[in-house]
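Following: one structure in structure tokens, then a few remarks.
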Amino acid sequence: MTAKPYLTRLAIWLLVSLPALTAFVFVTPADFSSAGAVLNLMGRLSGGLGLAGLLVAAVLSCRIPGFDQSFGGLTKLWQLHHKLGLSAFILLLAHPLLLAFAAAEVSLAAAADSLFSMQPTVLYGWLALLALMAFIAPTFHVFGEPDYQRWKRLHRLAAVVLMFGLLHSLMLGRTLPASWNKLLWGGLGLLALSAMAYRWLFSRYYGRYRYRICNVAAVSDNVVELSLQPLQVPLRYRPGQFIYLTPFASELLAGAGEEHPFTLSSAPSEPVLRLAIKTLGDATKALQSITPGSDVTVEGPYGCFFRQTELKTKGLWIAGGIGIVPFLSYLRHCASQHQAADVQLIYCVQDEQHLLFAPELQQLTAVIEGYHFTPHFFSRHGALDLDFITQHCSDLRARQVWICGPPPLILLSRGIVLGAGVTSGDIVTEEFTLL
Amino acid sequence: MKSLSFIAFIVFWSVAGTLFALSLLVPGSGPVSAGEKTYTLQDIARHNRTDDCWMAIAGQVYDFSRFMPKHPAPPAILAVWCGKEATQGMKTKGYGNDHSPAAWAMTEAYRIGVLKKE
């Protein structure tokens, strides 16, 4: 039994607040003696909160398989990481400005001195802040959508940010007594360092499963299904989970040695892993024409789309495009286990041409008791609406809803089912977008 | 959240840039003026109480009597430096860490002269 996601999120925010909360124990009346003193205190607290936020965001990015379950899946964990990172960014921008405003109580020169001092400890702070700006800036999409691999490489600057941020805090911090300062920042720093060591060293050399591509089946003109044969111990997973795949084929025109996330389409009981890949960029395009025989590594599993391998409730599944894959995995699992599933699947695509795995999805209705399949074509039926859903699923409010597809479809479907009276606790979504 | 961060990013550079420009435009207190008072360590030693506290730090002399209640650490920690050459106290805070540039800048408000070379 995993912890409830909101409890885990609460624990994470508490961990971030730990240095600031501890600081309150050591606040003295002198910290409130003037407007400047209060601003100075706020400046120190924002710095502490910001650095703690970054350190915990680094811990969350470790991507240890299984760690994401208590957050409700890896995408939910990424969303928390993203929120923490941006909150820390805002706080760390406020930190030097608040300290400068505090010093302005003395003089303008004092304010400028506190910001542009050549003291090494202050320079460490600047170095950390500039490196942070360099890897956060692409998130603003000023120059369009950032390239996924370049964006990931830029994130390595986090190591510079954390190292110089910690040095700055350890050498200048005066809100906490020295021993507390070392204990708190040392502890959080060690956690972040362990997470980065796992991500960049351990997972790369020891944490991945070795597979060989044994079959490549074209599903449509831009979707292919790869079958992977295990070379060592096979991966254990639940239906609907995803993995990070790193192909090594030298024939690949792009993406060799790069890792990308893909949802597994196979049933866990199958001897091979199957994953459906849609052309979304250069690397996924190159994978469409890969020939069997080359080796890949697989890291995972991640995601928490289906918490159990046997649904306890009646379900409404809404899929869009390649978002059909986790549902297909579940259906294949049901078929292999002769398991019933009381679900209504509504599969939204532009037209018949864009239906993926249509014959199999249709065939499985005869194999799995309780499973119904309804395609929805935007070109014929228009946007998905409540009428269409209730026409095929009259007891909507009695069902739990799973949605997987492009963000606009998730937003639309979520709005429709919420409007029809389904509670948000009964809606499970999974979106694959660069945050 | 992204928009808020972007706004914070723009505001940061606007404010930091303004402060930098203003610090160049507004003349500071500058180096010690020719007519400034000089004190010996003996002069300073006479002001060795928390309510009458002088210190010599890096060649400058300060009267911290008004500042004592405002200092974040308890007055007892500073009191040992009253009436003395306190550069080490300023640079180590008792456990090896220097005071922040903001703290150094704030001392300027309490400077009363320079230390006479003996």
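The helices (runs of 4 or more DSSP H) falling completely within region B:49-118 that include 3 or more residues that are more than 22 Å from A:Ala100 (Cβ to Cβ) and in contact (Cβ under 8 Å) with a residue 12 or more places away in the chain map to B:75-79.
Of the residues A:Val428, A:Val401, A:Val417, the single one that is farther than 27 Å from A:Ala267 by Cα and under 26 Å from the mean Cα position of the chain (by Cα) is A:Val417.
Among the residues of region A:152-174, those that are within 14 Å of chain B (Cβ to nearest Cβ) and either in contact with a strand residue (DSSP E or B) (Cβ under 6 Å, 6 or more places away or on another chain) or part of a helix (DSSP H, G or I) (or both) comprise A:Leu166, A:Leu167, A:His168, A:Ser169, A:Leu170, A:Met171, A:Leu172. Note on region A:102-124: residues that are touching a residue at least 60 places away in the same chain (Cβ under 8 Å) and within 39 Å of the chain's Cα centre (by Cα) total 1. Apart from one condition, A:Met196 fits all of (1) within 29 Å of the chain's Cα centre (by Cα); (2) within 30 Å of A:Gly257 (Cα to Cα); (3) modelled with pLDDT of 90 or more; the exception is (3).
For region A:68-84, the condition of being in a loop (DSSP other than H, G, I, E, B), farther than 16 Å from A:Thr175 by Cβ, assigned by TED's automatic domain parsing to the domain that holds A:Ser169 and out of contact with any helix residue (DSSP H, G or I) (no Cβ under 6 Å at 6 or more places or on another chain) holds for at least one residue. With (1) modelled with pLDDT under 85; (2) within 30 Å of A:Ser87 (Cα to Cα) as the list, and B:Ala21 as the residue in question, which single condition is left unmet? Single failed check for B:Ala21: (1). The sole residue among A:Asp342, A:Asp282, A:Asp385, A:Asp295 that is in contact with a strand residue (DSSP E or B) (Cβ under 6 Å, 6 or more places away or on another chain) and either farther than 23 Å from A:Arg236 by Cα or charged (D, E, K, R) (or both) is A:Asp295.
If you go through region A:175-197 and pick out every residue that is over 23 Å from A:Phe26 (Cβ atoms) and either of a type outside the set (Ser, Thr, Tyr) or within 14 Å of another protein chain (Cβ to nearest Cβ) (or both), you end up with 5. Among the residues of region A:105-142, those that are within 22 Å of A:Gly36 (Cα to Cα), among the small types (Gly, Ala, Ser) and within 8 Å of another protein chain (Cβ to nearest Cβ) comprise A:Ser107, A:Ala109, A:Ala110, A:Ala111, A:Ala112, A:Ser114, A:Ser117.
The values are calculated or read from the model by the stated rules, or taken from the named source; none is laboratory data. Because the structure is a prediction, the values reported are computed rather than measured. No Cβ is skipped: glycine too gets one built from the backbone with ideal geometry, and neighbour counts run over all protein chains shown.
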